[in-house]
1. Could you tell me whether ALA107 is within 17 Å of the chain's Cα centre (by Cα), surrounded by 15 or more Cβ atoms within 10 Å (Cβ to Cβ), modelled with pLDDT under 75 and not polar (S, T, N, Q)?
2. In the stretch 84-108, what residues are small (Gly, Ala, Ser) and in a helix (DSSP H, G or I)?
3. With respect to ASN71, determine if the residue is modelled with pLDDT under 70, assigned to a loop (DSSP other than H, G, I, E, B) and within 24 Å of PRO124 (Cβ to Cβ).
4. Among the residues of the stretch 6-33, write down those that are part of a helix (DSSP H, G or I) and either modelled with pLDDT under 80 or under 12 Å from the mean Cα position of the chain (by Cα) (or both).
5. Looking at the stretch 135-158, is at least one residue assigned to a loop (DSSP other than H, G, I, E, B), touching a helix residue (DSSP H, G or I) at 6+ places or on another chain (Cβ under 9 Å) and at pLDDT 95 or above?
Amino acid sequence: MVWIMPEEPKKLFPIFRNLKDVYLYNISNDSGLDWTLFVLEGAPSLKSFHVKISHHICGGDGFEHNAGSSNVVWEASSDIIKHKNLRLLDIIGFDTEENLIKYIRLAIQRAIALQRIHLHEKEPCEDCDDIYLNTPSLSRTRFPNNEQEKDLLREQLLQGFSSSIEIIIGCY
C-alpha cells in the first residue's frame, strides 16, 4: 500500500509507465474523484483501473492510517489526453450522485479504448446501517435497483458518446 498525491504526468511516467492494474481504496466521495484520473496520464500501459469509494459514516473504513478526506484539486495537463490501453473501469461503492456520473463520463472521454465498466454497490456495514436506522435525517447512497433504472443509468453515462462500452451494474 502506498500513499500517492496527484503529480504531473512527466514525473509519474518513469514510475507508472509499466503499470497494468491500479487499485485505489478508501477514496472519499466527498473530496471528488476527478483527481484519481491523474493515474491515466502517468500510466500509459494501464489496462484496468479499480476504485473503491468509502461511504462509511461509522468511521470503519478498515484502514488504521487514514489521510482523511480533503478536497484534492487537480487539473488535467490537457483536455486532449487520450488513454489508449485502459479496458476496464471498476468502481465499488457506486451510487447515482451527480459527481460520480460526471467522473465516469470524464473517464470515458479520456480512455478511448475502454471496453467495460463495472459498477458495484457499496459493501454492507452493520455499523453504518445502525446509524442510518437511528438517524432518519441521514440519506443512504442510491444504487439502481431494477433493470429500468440500470438502463437509464447506462443511457446517461453514454449520452453523447459513440461507444460500445459494456456497462455492468451490480453483480460481476
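1. Spelling it out, it is not the case that ALA107 is within 17 Å of the chain's Cα centre (by Cα), surrounded by 15 or more Cβ atoms within 10 Å (Cβ to Cβ), modelled with pLDDT under 75 and not polar (S, T, N, Q).
2. Hit for the stretch 84-108 is ALA107, nothing else.
3. no
4. Residues satisfying the conditions are PRO9, LYS10, LYS11, LEU12, PHE13, ASN29, ASP30, SER31.
5. Checking the stretch 135-158: not a single residue is assigned to a loop (DSSP other than H, G, I, E, B), touching a helix residue (DSSP H, G or I) at 6+ places or on another chain (Cβ under 9 Å) and at pLDDT 95 or above.
The values are calculated or read from the model by the stated rules, or taken from the named source; none is laboratory data. Bear in mind that the values here come from a model prediction, so they are computed numbers and not experimental data. Here the Cβ is made from the backbone with ideal geometry for all residues, glycine too, and neighbour counts use every protein chain on show.
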